[in-house]
1. For residues that are farther than 28 Å from A:Gln436 by Cβ and modelled with pLDDT of 90 or more, scanning just the stretch A:520-538, find the one that is farthest from the chain's Cα centre (by Cα).
2. Look at the stretch B:147-185 and say how many of its residues are surrounded by fewer than 17 Cβ atoms within 10 Å (Cβ to Cβ) and of a type in the set (Lys, Arg).
3. List, please: which pairs have Cβ atoms under 6 Å, are six or more places apart or on different chains, and start with a residue in the stretch A:186-199 that is farther than 20 Å from A:Gln540 by Cβ and end with one that is outside any helix (DSSP H, G or I) and at pLDDT below 85?
4. Has the stretch C:496-505 got at least one residue that is crowded, with 18+ Cβ neighbours inside 10 Å, assigned to a strand (DSSP E or B) and of a type outside the set (Asp, Glu)?
5. Would the stretch B:96-114 turn up any residue that is closer than 30 Å to B:Ile273 by Cβ and over 20 Å from the mean Cα position of the chain (by Cα)?
6. Taking C:Asn124 and the conditions (1) on the phi > 0 side of the Ramachandran plot; (2) under 29 Å from the mean Cα position of the chain (by Cα); (3) within 7 Å of chain A (Cβ to nearest Cβ), which numbered condition does it fall short on, given that it satisfies the others?
7. Keeping to the stretch C:252-270, report how many residues are over 18 Å from C:Ala372 (Cβ atoms) and either surrounded by fewer than 21 Cβ atoms within 10 Å (Cβ to Cβ) or free of Cβ contacts under 8 Å to residues at least 24 places away in the same chain (or both).
8. Name every residue in the stretch C:285-303 that is farther than 20 Å from C:Ile371 by Cβ and either modelled with pLDDT of 95 or more or surrounded by 15 or more Cβ atoms within 10 Å (Cβ to Cβ) (or both), in order of residue number.
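The values are calculated or read from the model by the stated rules, or taken from the named source; none is laboratory data. Note that this is a predicted model, so its numbers are computed, not measured. Glycine gets a Cβ as well: all are built from the backbone with ideal geometry, and neighbour counts include every protein chain shown.
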Amino acid sequence: MNTKIIAFISCILLINSISAQSYSDSLMFKPSNGGLYPKNYEYGLSNISISGFYRFLACYTSMDPSVTHYPVMDSVFNRVFIGDDSQLPQLSLNIGVSPNKNTSISTDLYLWQQMTGSENDDFVKGLLLGVNLYGTHSTNFGTFGVKTGGIHWHKQSPLTFAANTGYNRFSLFERNPWDPNTSNIYDRYDDFYKNGALTQDERWGQQAFQGLIVDASDLPSEYSVSFMHGKSQLNGGSSIIPNHLTGGRIQKSFSRSFISLNGIHNQTFTDESTTNLLGFNLYTTEFEFKSKKNFTLYGEIGKGNYFSPTYDAGWGNAFDLKLNFDKSRWYKFPLEIRYFSISPNVINNNGIFWNTSILEYSQDNSQLDPGQAPILFPFASSLTQIGQMTNNRRGLILNTDLNFKNTKLTIGYSAAKEIDAISNQITYGHPSNSLQLSRFWRWGFPTNVGPYENINKVYRSVFETMDIDDPDGISAKGFNSLEISCKTKTQINDRKLMLFYLGGFHSIQRDYNFLPTYDSTAYLQSYNHQLDLYYALTNQVTICGYYGYDIIKGGMYTETNEDSGGYKDQEGKSFALGLDIQLERNTGLYLRHRWMDYIDHNFALDRYKGTETTVELKIFF
Amino acid sequence: MKKLIYIFLCLSVIVSSCRKPDEFSDGPDLYDVYGDFEIYSPLEGSQINVDFASGETVFFNCELSKVVNWQLKITGSNSGAEKIITGTSKTLDEEVALWDGTTTSLPIFRVENCNVELSFLTNETDTILSTSVFVTTPKQNDGFVITDFEEGWDPNWSTFVQSGKSMDFGIKLDGTAPQLARYYNMAGTVDWDWLTGMIDFNASAFGESTMSLSDNSDNLYFNAFVYGDPLYPNSRILFRFDEDENLDGAFDITNEDSFGYEIIINWSGWKHISVKYSDILSANNSSGGGVHNSDKLNRVSVLHLADPNSGYAHSAIDYLIFTENEPLRP
Amino acid sequence: MRCFLIILFSVFSSGFAFSQNGKKVQFVGGARSLNTLAELDSASTPKRSGGYALLDLGIKINPNSNTEVMGMFRINNEYGGFWGAGVNIDVRQLYVRGVANDIFRYQVGNIDYKLTPYTFYNHNQDILTSSIGTLGIREDVFNYETFYSDNTWRQQGASLNFGLELPKVIKDIEVNSFISRLNRSDFNFVLDRFFGGGNVVINKDDNLEIGLNHVSIFDLAGTAKTDNIYNNNVSSITFDYQLAKNNFVYGIDGEYGVSSLSQSESPEDSLTDYFVHARSYINFDSGLELSFGILDNGADYRSFGAQSRRVSFNQENNFFNRYMDLTNSTEVLRPISLFDMYNDPQLYNQGISVGLMDHNPIISSVLPYGIASFNRQGGYFGVIYDDPKEFFDLNGRVYLLSESRGQGTLALKSFLMSELVATLHANKLWKGKKEFNIQLSHNHQQTTRNGEFDFESVDFTTNQLNIGMEYEVFEDVYLMGNYLKLSASGNDQMPIRNSEDEIINYENFLVDGHESLISSGIKMSFSKKSYLAIVHDRYQYRFSQITHEYDFNQSSVVYVLKF
């Protein structure tokens, strides 16, 4: 007898005629039914995409102890900090999987090496945006896209769900964590000169959102719809008490225009028994009409309200209208006329305006877990950049751009007024050293700190609070702002040189006035100058320079110092040098060194002087 | 052929699957859980008189309709001794209701009539069944008895009593002894010293220089009955064990072991205490090496202690006995 | 004699290899996102929201064409956790598998395994009705979470198999073996416990297959400070003999074996018994299948590889686990309901458990451990109809069983159970291209016992009805609806067991009520393996004899993607 020893692998495909249901039932006793499963083998995907960046940031701060009186600096005048407490990690990996053309998954993973010197190196790992799932479904009457899972960057309409993009009047000297490397190291400044804007990453103008987003596009008659339900970073947290944000948009597009209906609703409960509602509504219509005669009308009009067990003041109006005139033979320069009015009853910190009227919402609505970074906004009567709106305010904004041969000038002017007299406080910033001052406090957003407990830290900035004690009572204040941005391009030794000047001239006074009040009758005067210089020493090396100067003065009826008896009289200076070095393709090294000197001539403890040095290495892949 | 295989398989399976229902059931009977409670036969002892000293035992019978929790309480009519036997069954018999003369609560049973009561720990009845049994001789305990004070004072003992107030040290016969008739009383007020009085039980009382005990101190248990006075809960007793390591007939504290077992009396009434000899700690810094040599025990001393500020103190002892293998089962 | 090796791969493909096109790395896995908003009327916090998004990323590495190493990790971020908060990274599974010397197939690590219904099998006995629609989605989720498919159990161990061919005597012999670890020694009084076994499958010819099976749960002596060795052995013979005629196939299959359970320090408590199960069937080419079976599982038959349950009812719920008893304003534990079983994958076990697990008589009282339930004997009749035109499918079975040994009485319980699944593909009626499926699934169980005394009487009936519907309104967009009702009435004497599984008492289980679920939703399929579903559930609990009644409403959005 021939004995053939045959070995076989038991991963034999099932006999096709057996259906799945009967397999588990009628073949129950079939002896060969047992063994290891699965019986058939499935191949996986061969390709996944991995991209990301590596960013090393080190910061050394050295303050002069003889003149720095901030309590946070007591006895600790020199500080080394490895990393960036602005939330972004050291190594960030974006992993993407696309099983088919209709679905994809992405997740990010970050690693951070704290370099504490410990033998067990303290690595921190985690996700930043989380696991994101995408799906697309195409039909004859439209394409439906779904996003769910982790954090998505989303925009609906400016008043309902978007981030303020402003008028691109900012200094480029200090890099943001999300700033990309450019092909040539100098392109960042060149783009800013040419376009008036930087190439920003996906989050520009958008807000972070977690939940379900459904977009429908290519609908009949050029309609498009989007819907979202979930949480923004303002109502995030893992509390089991429901706290959700729901919004939607229906847009009808025309050849040169569009009109849309938008809504956003936020609701949570103030008690564990989930009976007392807290939240807000905002419903708007957004439209844009481009005429053939070089003007564009854009606007968003709506109504909103806030509700809580203790607050129900009804609905309020919100307007934001812009009329843009392009350059034409009738007017030689583009002009934007903008009118806005947002009722104190309308709140929505997910939009492009801040809530400065309802204190309890500012404090209580966020239900974030410890360890999460809340996003705070200045409260009270805020001095803001032109374009940054707040509620309880209405005003007129004029913007224009003037282009000359090698110089571009943008000028903005704003005259605004509060609607209701609510607050006897003013908040304002210190542009020259704002980022550096915010780094005095790491890993948190403390309020009422500083030598006079009137400094509040927000994301990469601070604002200061000033009290008003007007014998005529609280007024609906007037706000005037003039901003000038001037960008000049030239050459020295055949090398490009850019000069960017940014000036801001602001006043806050008791009543509305179309023209600014630059004297002590104003509650507050704020003048700031920032001058950036960028010189392309070589194709790989750019020398950067910065000079900043602030003057901020408190006027009549503002708080005085007990010792000096004087109002706030603040003067801030900042001088910085830096180098941008392109080490390799997609690899940039950025060095900055800054000298800071700040003094309030009447508030003796409000004083600091020192230096900050940062080294940033950023590599994209 | 194929059909034959087919038929064979069918038949073999059918035949082998013919199982008769079991003639017993799993778990307790449902009647025991849900049925009515009935007493089928009264409570009876297996004998009227029992001689525990000669090794006799007595058991009790009773038939019930269902499994219940029950309690059998045997009470000495003279001594007041109690023996509690509990169980869960529907039948009381030799297996579950056997009495070997031991006691649950002191005192120990004497020659006396004992009342036996059977009660049921169930809501279904509050019936109590009764019977009785006469103890002709109580249970004898195996072991080395140092004393039970029944023979009175032994001249080989020695004693020391402080000259305090109301001192009352001596053998008592007042019907309250936990074992037989006599016990040793220790009472008085000493306001300058912890020691109120002590008694030494010397090995010479047995005509030897050491007590006839096993040398395996891991297997040797010291037992005593100790009285706690509910009115004077401030007594302590120190049992001290002195070993004559060199067998010269005398204990030398400087180079021979003395072990001490101290108890704080925080109970009322008589209580049986027991300790393994090898667990008793050294009382003289292991001057003799610290090794327990129970076979060289020369003297057992009982010291009555009380805080001098606490006033009058009262305790008593009875039935000092060494047992092997296990503590005394009184 | 000449001996030579021949390697036989798949019947349908040659040159099988773990890796394709020489690629050394492949990726498998899935992702899921779930967001819920739930309301339970009498909870202290009645409205609750939650959710998560997770990615299971498995990396298959093929160092050569015959070997594969697979590690899968899970990234889970909690709903509401921003910028890295609420993130967990865990390992989900790890194994290596391959073919050694082109002969032995092995797998080490996580393995999904089964043998026979009486030795090692996952009967999934608490999901008694078949589901499409919203409940089908939930089944999809909890089966994925617990690695359940094809009645297997997930184990941590190793398996090995190979085959032999003796062509002049029999067709071939397949040998399967496995060993897994059930618990680890604590170096004190818990011994290392293993579960091992295997089978030899003899294919006599195309008509007859015989299997010799053996499994054993055993403690490894010397691994702890105890000599109390636990042992549960089951040996059986399985057979499948079929003959083909012109337009039908008929045959007989079944299993016959013995089991033993013992602990070395209490040999008097050992249990030994036998079991028999035989089924004759006839399958017509028209799609009709008839079967008739008998079974006799001894009262002392124990086989924990086959008698383990996926859900233990002796655990607490993971959400809304307490709610108010309004009669006395106290918080009580909310027992696990049928809706919880569909809603919460964490209630499910992945591997086997040693010892009899608690079951819910409302859900399964006749065969609480599947057909491997001990103390059952009787017969059953089954009908399957698989329409060749795919218009209508039917699967039904009726069991008539009884105990072989009474519990607390010599009177025996009688059992009647009927199961029915009927599926209608209604679009076939009008030859529509868009799917319209309706499925009705029903399970009826009845337990009765008459005895000398009233307290011996048992009359307990439970019905479970599951109606599901899927209607394709647009291409790949489905409307779904489900109605699930579980009702029970009557009384049963439920045994209360101690830790040794001995009956020590009884509970008079008395109920008259129901649970009902109405569920509706919409599903958008992006591909065969991915979809988004929005579901709304309205659930009512009305077993007031057990605990306070409540209503539970839930809206959820679930996105499932597999690759």
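1. Taking the candidates together, the pick is A:Thr521.
2. 2
3. Taking only residues 6 or more apart or on different chains, the pairs are A:Gly196/A:Asn168; A:Ala197/A:Asn168.
4. No, every residue in the stretch C:496-505 fails to be crowded, with 18+ Cβ neighbours inside 10 Å, assigned to a strand (DSSP E or B) and of a type outside the set (Asp, Glu).
5. yes
6. (3)
7. 9
8. Of the residues in the stretch C:285-303, the ones farther than 20 Å from C:Ile371 by Cβ are C:285-288.
Selection gives C:Gly287, C:Leu288.
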